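The values are calculated or read from the model by the stated rules, or taken from the named source; none is laboratory data. Just so you know, these numbers come straight off a predicted model, no measurement behind them. Reconstructed Cβ throughout: ideal geometry from the backbone, glycine too, with neighbour counts over all protein chains shown. Calculation scope for accessible area: heavy atoms of the full protein, side chains included, ligands and nucleic acids excluded. Shrake-Rupley method; radii C 1.70, N 1.55, O 1.52, S 1.80 Å.
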Amino acid sequence: MAVIIQKYGGTSVGSPEKIKFVAGKVAKRYREGNDIAVVVSAMSGETDKLIRLAKELSSSPAPREMDVLVSTGEQVTIALLTMALKDLGVPARSLLAFQIGIKTDDAYMKARIQEIDVDLLKKTFAAKEVAVVAGFQGITEDGDITTLGRGGSDTSAVALAAVLGAELCEIYTDVDGVYTCDPNICNKARRLDKITYDEMLEMASLGAKVLQTRSVEFAKKYNVPILVKSTFSDEGGTLTTKEDSDMEKEVVSGITYDKNEAKITILGVQDKPGVAAKLFSPLSDNNINVDMIIQNVSSDGKQADLSFTVTKTDYDKAMKIVKAMISDLGARDVVGDPSIAKISIVGVGMRSHAGVASKMFSALSSVGINIQMISTSEIKVSCVIDEKFIELGVRVLHEAFELDKTGSAVA
Ligand code: ADP
Ligand code: ASP
Ligand code: MG
């Protein structure tokens, strides 16, 4: 008997037929004698629909109320899946975050899980019931509903796997694993059998939405392997796990893109100590994450241009804050560009190979794509480019690094 944690994403529970299918899969594992917690997302499109509804009413809906609203999608699916399980003769219980004490901080819409009280889940298992848990949601110390950011059900599932000491967290979705790039935009994408936590962390944070970044952070911290599988096929699967000696150390394992980026440039900033602090503190005070930053060298030693990126979601808010600071920063002007995107290559093998970044730059330039900003880490290189070239960029990089074959090329 094992503790099994499964998570089913929105498309997997997108219709009554699909919910019945998922119930059948869960029932099979239950009948093998396992303790099962199933985490579910809202039906596909439902969270987007709720967000649109809020935007029709208010241009800047209060984050606390947004969470009360968007968390309802998961309440629907846990009830429906539980009904379907009961119809199959499987005892089951739907559980909202407050009922199993998924405690978070109060950063509405991007809350972080702080602790989970596993007692109720354990009681559910002791009563031989399947626990059907609402993903994406949490509860603050004061009893307010929070949500964990888009795609947050992955994190709910991995956090449950961690606290329950499960050997594996199974994530069921509409693709049969993690690919070298988004299989929906690149037909040469190749499924990876295994990927390290570090690579998956980079891929997720750079745009591969197949797993939410925080779920991978949790998995790495508590050493919970994640198995990404297709709900509707037994084939394939990708295991995200710690690096081991017989893992292939691909130079480049994957290409990712993120269209949710926007660029802000402040022209003629004074080139003196304290200016960056003055600029970025109000942004972080307003919960705006800044991603890439570049400041050019001033030719006269007095003034420089400074560019940085934020998410498109935060763009308007960030522009407003920066515009209000122009005179205080001694700057000339501020210009924004929300039509950019970030394209990245990721791979642990980069640590020991030279020439990877230059190969990326050459490949992009070979199809006339201009690079606006660059950032690197030990295992990734990212470039900001015009949003309209993203799909072309992904394809050309996939080809340049020969990702359709095993063993990626450098030179
Ligand atoms: P779910 O609703 O099951 O959580 P998501 O839509 O959040 O599913 O994530 C699955 C999607 O992630 C796929 O349909 C695919 O388009 C996208 N995706 C992006 N990058 C990758 C990648 N490298 N490998 C697999 N899927 C990816
Ligand atoms: N329903 C939420 C979303 O669409 C959470 C999730 O699907 O993981 O972002
Ligand atoms: Mg998802």
Check: the stretch 101-211 dipole with +1 on Lys, Arg Cβ and -1 on Asp, Glu Cβ, in debye: 380
Most to least accessible of Y197, Y222, Y108 (protein chains only, probe 1.4 Å): Y222, Y108, Y197
Overall dimensions of the stretch 188-264 as given by Cα atoms, namely Rg and Dmax in Å: 13.3, 46
Over the stretch 61-140: Rg over Rh, Cα atoms, Kirkwood Rh: 1.03
Sequence-distant residues sharing a close amide H with R190 (under 5 Å, placed H): T180, C181
Relative contact order (%) - the chain, alpha-carbon pairs under 8 angstrom, separation at least six: 13
Dipole of the chain [Lys/Arg +1, Asp/Glu -1 at C-beta], most positive-end residue of N296, T406, Q137: Q137
Estimated FRET transfer efficiency when R0 is 51 angstrom, pair R31-V290 (beta carbons, to 0.05): 0.50
Chain lengthening between A276 and Y222 when straightened (0.36 nm per residue, less Cα-Cα): 15.9 nm
Of A304, A357, A324, the one that fluctuates the most in a GNM where the chain has Cα springs shorter than 10 Å: A324
Antiparallel DSSP beta bridges within the chain, percent to nearest 5: 60
Pairwise centroid distance, computed over Cα atoms, of the stretch 247-323 with the stretch 1-72, Å: 34
Sparsely packed trypsin sites (Lys or Arg not before Pro) within the stretch 304-373, loop by DSSP, other Cβ within 10 Å at most 13: R332
Given charges at beta-carbon only (K, R positive; D, E negative), |dipole| of the stretch 286-404 in Debye: 180
For the stretch 274-411, Kirkwood radius (reciprocal of mean inverse C-alpha pair distance, Å): 17.0
Built amide H within the under 5 Å cut-off of D271, gap 5+: Q303, A304
Most fluctuating residue given options L120, L397, L85, as computed from a GNM of the chain linking Cα atoms under 10 Å: L120
Rounded to whole Hz, the Karplus (6.51, -1.76, 1.60) HN-Hα couplings of the stretch 166-183, x for glycine and proline: 6, 7, 7, 10, 9, 10, 9, 8, 9, 10, 8, x, 8, 10, 4, 7, 4, x
Gyration tensor (alpha-carbon) shape descriptor, the stretch 1-133, a/c threshold 1.5: oblate
D333-E391 pseudo-label distance in nm [points 7 Å out on the Cα-to-Cβ vector]: 3.4
Full-stretch length increase - D193, V118 - with 0.36 nm per residue and alpha-carbon distance subtracted: 23.8 nm
Charge dipole (the chain, unit charges on Cβ, about Cα centre) - positive-most of V269, V90, Y315: V90
Residue pairs, from the table K188/K220; K49/K86; K20/K380; K122/K259; K103/K263; K194/K359, whose Cα atoms sit over 32 Å apart: K20/K380; K122/K259; K103/K263
Residue-level accessible surface for H353, protein heavy atoms, 1.4 Å, Å²: 80
For the chain: rounded, prolate or oblate by the Cα gyration tensor [a/c cutoff 1.5]: oblate
Hydrodynamic radius (Kirkwood) for the stretch 71-190, which is based on Cα pairs only, to one decimal in Å: 15.6
Candidates E115, E243, E141: whichever shows maximal mean-square fluctuation once the chain is modelled as a Gaussian network with Cα springs under 10 Å: E141
Rh by Kirkwood over Cα pairs, then Stokes-Einstein D for the stretch 103-172 at 1.002 mPa s and 20 °C, µm²/s: 169
For the chain, size of Cβ-based charge dipole, Lys and Arg +1, Asp and Glu -1, in debye: 340
For the stretch 293-358: rounded, prolate or oblate by the Cα gyration tensor [a/c cutoff 1.5]: oblate
Extreme residue, positive dipole direction of the chain, given options A208, T241, I369 (C-beta unit charges): A208
Theoretical ellipticity at 222 nm over the chain - DSSP helices of four or more residues, -39500 (n - 2.57) apiece, nearest 500: -10000 deg cm²/dmol
Full-stretch length increase - F232, L88 - with 0.36 nm per residue and alpha-carbon distance subtracted: 50.0 nm
